[in-house]
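The values are calculated or read from the model by the stated rules, or taken from the named source; none is laboratory data. Keep in mind it's a predicted model, so treat the numbers as computed, not measured. FYI the Cβ positions are ideal-geometry reconstructions off the backbone, even for glycines, and counts take in every protein chain you see.
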Amino acid sequence: MAFITINKAHFFHNLDVLCAKAGGKTKLMAVLKDNAYGHDLRLMAELASEYGLKKAAVKNIEEAEMIADLFEEVLVLVDHPTSQALSASISLAAHSYEALQALPEGTSIHLSFDSGMHRNGINEGQIEEAMALIHAKKLCLRGVFTHFRSSDELNSEFFWQRANFERAKKRIKALIEHYGLPKTSFHSCNSAGLLRTRSLGDDDYARTGIAMYGYTTLDPLIATFDLKPVLALWAERLSTRVLKKGERVGYGSVYEAIQDELISTYDIGYGDGFFRFDGYLPVVMADGSLSKGRMSMDSFCLGGDAPNVCMFDDANPLAKQFHTISYEIVTKLAPMLKRKII
Ligand SMILES: *Cc1c(COP(=O)(O)O)cnc(C)c1O
C-alpha cells in the first residue's frame, strides 16, 4: 500500500530555524491549513504542539475543531461568518466590514487588514468604522493581521506593505485605547516574510506554513536557509511483467520497449493527488529511476521490480517540471494515503 512518511527530525529542525529567526516558540503561529499542506492535519498539529508551539492557523472551522484541543489559539483563515458554537481556542478571520456586520456578538476574531494585496481585509479608510463596530458588537479582537503578496520576490513590495501595516497598527492601537479594549496581537509575516526580515519588529508573531514543511520560494538572492523537506511519498509494486521489444505500456501507448525489459506497476496515480504525467517527459523518482509511459488514475510504471519506490522526498524538482510551486505538489496529496512518522 502506498504511504507517506513524515520526518519528525526534519520538522523540528525547520521549526528550530524559524523560531531562531522569529525569537522563540511563542513567536510562531503554525499554519496547518489544507490538511497541513497535505501532510495530515492532526498528525502535524500533534507534532507542532509537542515541539511547544501554542498557536495554529487552519483553513476552516472543520479543520479548527479537529485540533482545537492542542493549542491556545486556532485561527480560521478562510471561512464564512457563522453563529455556530465554537471551541474556546478558535477565532475567525474577519476579511471585510461586511463580515464584521455578519458575525454574531462576542465572536473571537482576527481583523484582516488590506495593506496592498487587495485579496482580503478592510482598507485604511475603514479602520475607524471597523473598530467602532467591533466595540459596539463586543467582538473579541484577538488579533489584527495582514498578508504579503510578494514577500518571496526580489523587489520592495514587502517593505511597502509593511509600512502600510505599521501605519494601520498605530491607528488601531489608538482606537483600542480609545474604546478601552483589551490588548490585541498583530501579525503579518508568512514564511518568506519571516525569513527575509532581520526581526519581526513589533509584530507579536509570524504565521509560517511552507517553511515548516521544508520549503521556501524566497528568491535565493535574498537569502538561503537550510530547510529540510518533511514529507516523502512512497508507492508499492502491484505487479511485474516482461515488456517485449516493440510492446507499449499504458494509456495512449506512449512508452515503447526498445528491447525486452522488466517493468512493474506501482500503486499511486493522479487519483492520489500526484500530478498526472502524460508520459512524454519522464518523472524522476527519488532514486533517479524514470517513469515509463503515462500515469493512470491509480498507478504508474517503472523499470525493474523493486518492491517500493520513493516517488519524491523533495517537491522542488516536481514543482519545476509541472510549472507550479512546492506548495501545490504536497497540498494535493490525498488525505486517504497512510502517513507514518519516521
Ligand atoms: C497560507 C497563509 C500563510 C502561510 O504562508 P506560507 O507562505 O506557507 O508561510 C500565512 N498567512 C495567510 C493569511 C495564509 O493564507
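For the reader, a short list of remarks on this structure follows.
- Pick from region 106-147, criterion in contact with a Phe, Trp or Tyr (Cβ under 9 Å, 6 or more places away or on another chain) and among the β-branched types (Val, Ile, Thr), ranking: nearest to the ligand (Cβ to nearest atom): Thr146
- Meets criteria (out of contact with any helix residue (DSSP H, G or I) (no Cβ under 7 Å at 6 or more places or on another chain) and loosely packed, with under 15 Cβ neighbours inside 10 Å) for Leu290: yes
- Condition met for Leu175 (in contact with a helix residue (DSSP H, G or I) (Cβ under 6 Å, 6 or more places away or on another chain), modelled with pLDDT of 95 or more and surrounded by fewer than 21 Cβ atoms within 10 Å (Cβ to Cβ)): yes
- Pick from region 35-83, criterion at pLDDT 95 or above and of a type in the set (Val, Ile, Thr), ranking: surrounded by the fewest Cβ atoms within 10 Å (Cβ to Cβ): Val78
- Qualifying position, being more than 14 Å from the ligand (Cβ to nearest atom), assigned by TED's automatic domain parsing to the domain that holds Ala57 and not β-branched (Val, Ile, Thr), among Tyr205, Tyr179: Tyr179
- Qualifying residue in region 91-105 (condition: hydroxyl-bearing (Ser, Thr, Tyr), within 16 Å of the ligand (Cβ to nearest atom), out of contact with any Pro (no Cβ under 6 Å at 6 or more places or on another chain) and outside any strand (DSSP E or B)): yes
- Residue in region 250-263 that is more than 16 Å from the ligand (Cβ to nearest atom), in contact (Cβ under 8 Å) with a residue 60 or more places away in the chain, farther than 30 Å from Asp152 by Cα and in the same structural domain as Phe322 (by TED's automatic domain parsing) present: no
Yes or no, residue by residue, for (1) outside any strand (DSSP E or B); (2) exposed (fewer than 13 other Cβ atoms within 10 Å of the Cβ); (3) not aromatic (Phe, Trp, Tyr):
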{"residue": "Glu236", "(1), (2), (3)": "no, no, yes"}
{"residue": "Arg241", "(1), (2), (3)": "no, no, yes"}
{"residue": "Ile258", "(1), (2), (3)": "yes, yes, yes"}
{"residue": "Ser264", "(1), (2), (3)": "no, no, yes"}
{"residue": "Arg294", "(1), (2), (3)": "yes, no, yes"}
{"residue": "Thr324", "(1), (2), (3)": "yes, no, yes"}
